[in-house]
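The values are calculated or read from the model by the stated rules, or taken from the named source; none is laboratory data. Quantities reported herein were computed from a predicted structural model and do not represent experimental measurements. Positions of Cβ are generated from backbone atoms using ideal geometry, with glycine treated the same way; all protein chains shown enter the neighbour counts.
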Amino acid sequence: MSGREGNVAVTSDGKLSRMFLKSDSCGKHAWLAHVAAHEAGHATAALVLGFEFVEVQIPREHVARANLADAGIVVAGGVQMQGLPDTWVPGREEDALSYFAAGSRSELMLLGDNLASGLKGDLDQWLLGIGRPSGMPMEESRPVEKRAFQRVEALLVEHRPALRRIARGLYAPLLPGAKISALGPDEPLVLSYDELRRLFEGVSVV
C-alpha cells in the first residue's frame with residue numbers, strides 16, 4: 001500500500017486523530033487507521049490461505065514523511081513475504097489475488113472506505129507475480145477478479161473478529177496506556193508472523 005503524504009497522531013482518549021494523507025485520503029479517518037486496516041486484511045488472508053510471511057511492518061509517520069521528501073513516494077506499510085511475487089504467486093494465482101485484494105477490502109469493511117492507491121499497488125504486484133506486469137485484457141481479468149473478490153469478502157466476514165484484533169494490534173504500541181517497550185522513536189511498528197498468528201487466534205501480544 002502506498003500514499004503520497006502521511007501525518008498521523010494519537011489523541012488522549014486513545015482514538016486515532018483525524019490527520020491523514022493530504023492528497024490520498026478518505027477525509028474521515030487517520031492515515032494510520034487505513035494502513036493498519038489494510039495490512040490486517042493482507043495478514044488475515046495470508047494466514048487463512050496458508051501463505052508464509054515474515055512480518056508486517058508500518059513505518060513511523062515522520063520516517064514516512066522523510067521518505068516522501070527524498071523519493072516522492074511513501075510505502076505506507078506491508079507484509080514482508082518470503083520472496084518477490086514471481087516466486088510465490090505462480091501456481092496459486094487466484095489465492096494470491098484474494099490475498100492482494102484483502103487489504104483494500106479490509107479497509108472498506110472496518111472503516112467504510114479505502115484509499116484507491118493501495119488497491120492499485122496491490123493489483124500491480126499480482127500482475128507482476130503472474131508474469132503480466134503490463135496488464136491483461138479486461139475480458140480476461142474480470143472473471144478472475146470477480147471470483148477472487150467474492151472469495152476474500154467471505155473470508156474476511158468469517159474472520160472479522162481476528163481482522164479487528166490484528167488491525168488494532170498493529171497500532172497498539174502508540175495508544176495511551178500501552179506497555180512500555182524498547183521501541184525507539186524511529187523504529188517501525190512491527191508484528192512478527194508468530195505474533196499475528198496469536199492475534200488471529202485471540203491471544204493478546206501487547
### Query
Quick check: anything in the stretch 120-137 closer than 24 Å to Glu195 by Cβ, modelled with pLDDT under 95 and not in a loop (DSSP other than H, G, I, E, B)?
yes
### Task
Determine whether Gly129 is of a type in the set (Gly, Ala, Ser) and exposed (fewer than 14 other Cβ atoms within 10 Å of the Cβ).
no
### Query
Counting only residues that are under 14 Å from Ala148 (Cβ atoms) and touching a helix residue (DSSP H, G or I) at 6+ places or on another chain (Cβ under 6 Å), how many does the stretch 121-135 have?
5
### Task
Could you tell me whether Gln150 is in contact with a Phe, Trp or Tyr (Cβ under 7 Å, 6 or more places away or on another chain), more than 14 Å from Ala40 (Cα to Cα) and polar (S, T, N, Q)?
no
### Task
Being of a type outside the set (A, V, I, L, M) and at pLDDT 95 or above narrows it down to one of His34, His38, His42, so name that one.
His42
### Query
Does the stretch 164-177 contain at least one residue that is surrounded by fewer than 12 Cβ atoms within 10 Å (Cβ to Cβ) and at pLDDT 95 or above?
no
### Message
So, Ala154, is that one aliphatic (A, V, I, L, M) and within 30 Å of Arg60 (Cβ to Cβ) or not?
### Response
no
### Query
Considering Ser192, Ser106, Ser117, Ser134, which residue is hydroxyl-bearing (Ser, Thr, Tyr), free of Cβ contacts under 8 Å to residues at least 40 places away in the same chain and either in contact with a strand residue (DSSP E or B) (Cβ under 6 Å, 6 or more places away or on another chain) or farther than 25 Å from His62 by Cβ (or both)?
Ser134
### Task
Identify all residues within the stretch 78-104 that are surrounded by fewer than 23 Cβ atoms within 10 Å (Cβ to Cβ), among the polar types (S, T, N, Q) and part of a helix (DSSP H, G or I); write none if there are none.
Thr87
### Message
Need pairs with beta-carbon distance below 7 Å; first residue closer than 16 Å to Ile130 by Cβ and modelled with pLDDT under 90 and within the stretch 140-161, second assigned to a helix (DSSP H, G or I) and polar (S, T, N, Q); sequence gap 6+ or separate chains.
### Response
Ala148/Ser98
### So Met109, is it over 21 Å from Gly50 (Cβ atoms), assigned to a loop (DSSP other than H, G, I, E, B) and among the aliphatic types (A, V, I, L, M)
no
